[in-house]
1. Can you pull out the buried accessible area for chains B and A, both sides counted, probe 1.4 Å, rounded to the nearest 100 Å²?
2. Which whole number gives the average count of other chain Cβ atoms within 10 Å of the Cβ atoms across peptide A:104-114?
3. Roughly what would the spin-label model give for A:T83 and B:Q115, points 7 Å off Cα along C-beta, in nm?
4. From the helices alone, meaning DSSP H stretches of at least four residues, give me the mean residue ellipticity at 222 nm for chain B, per-run term -39500 (n - 2.57), in deg cm²/dmol to the nearest 500.
5. Which three semi-axes in whole Å describe the equivalent ellipsoid of the stretch B:7-51, each the square root of 5 times a Cα gyration tensor eigenvalue, listed largest first?
6. Shielding of A:64-73 by partners, i.e. mean partner chain Cβ atoms within 10 Å per residue?
7. Over all directions, how big on average is the projection of the convex hull of the alpha-carbon atoms in chain B, in square nanometres?
8. At a Förster radius of 22 Å, what calculated FRET efficiency corresponds to the Cβ-Cβ distance of A:I117 and B:T26, to the nearest 0.05?
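The values are calculated or read from the model by the stated rules, or taken from the named source; none is laboratory data. Remember, it's a predicted structure, so these values are computed and weren't measured experimentally. For neighbour counting, all protein chains shown are included, and Cβ atoms are generated from backbone atoms with ideal geometry for every residue, glycine included. Keep in mind that these areas ignore ligands, DNA and RNA; they rest on the heavy atoms of the full protein, side chains included. Shrake-Rupley method; radii C 1.70, N 1.55, O 1.52, S 1.80 Å.
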Amino acid sequence: MSVPEGHYPENYHPGSDQPDLNRPVHERYPQIRATSGYADPRVTRTGPGPGAGTDQQPERSAALSARVALAVTVVIGQLWALTVATDAWMKGSTDTAWWCTGFSVASFLVVVLAWRISRQDR
Amino acid sequence: MTTEPSAPDEEERAALRDRISADSLTTRRDYLRIVATVSGGLVVGSTVVAAGVLSRHGDGSAPPLKVADALTPGQAVAFGYPGEDDRALAVKLADGTVVGYSAICTHLACGVLWQQDRGTEGELHCPCHEGVFDVRTGEVTAGPPPRPLPKVIMVEDAQGAVWAIGTARSGESERSGLCRGLRASDPALAGAAGCRADEGAS
């Protein structure tokens, strides 16, 4: 399969300067053998290596999962506080209802913190 | 002979396939935003509850109401007190005690019924979710209701007529409920009747 014109780097032509080495090859860079390896000056882009396409910072992903879990747990606590506040109000304990509201506000602040604390996490 | 699908159909199908096969349509960051929104809504709800948007049986005061000329043991009567919409019922127990309660279940506000043939001396029963209240105290004895029934304070006069004279909230003593009502209508009379400042204050 031939490579279209204009796809080669400048001052480059396929094959070796030594004609006897120019066996039929199909790669774009036939001189770069599997043994060229590290520190071959012709290798300027390493390309995808092992682990390519996977999460590059798994600790950040885990932290985001933990933040979601924390937020959900806090909201469950808020639901409980709302039931306590409703019961307290119905029994005439207005002070208790307001304390529950304060707890709910504090919980909301925790959730907002968990949401906004690190916006670049994916 | 089959017909080839038109090009737009194929594009739509391909777009739909891409969308369905996407790794995650809602990211965890989206979940955090949704959870934060729910959390804010709960704060608003709790504030509204504490500020007093929910109506309670017995809010406000009313003059004594004659609910029946006479009750026989085991007999019940339904009435509205202190307001016409505050549904309540009074029951005369076998020993002659007259008790009164809100007839609105504390679970999901269904109607509470007097059932003389249940329990040792009858029960107040909510048929919606099988809630049961003790007829002598109003406490929950079975089912999902979270609070005792609010009380309506009943008295029987010398002629046997039954009167509603006040209310007490869930778990509140009759004295505290009477003092609260008296303080709302006539603070001086509440003081003269010996109501302490902390009785029925809320």
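1. 2800 Å²
2. Taking all residues of A:104-114 together, the mean is 5.
3. 2.4 nm
4. -9000 deg cm²/dmol
5. In descending order the semi-axes read 41, 12, 5 Å.
6. Rounded to a whole number, the mean comes out at 4.
7. Details: hull surface 87.5 nm².
Over every viewing direction, the Cα hull of chain B projects on average to 21.9 nm².
8. It comes out at approximately 0.65.
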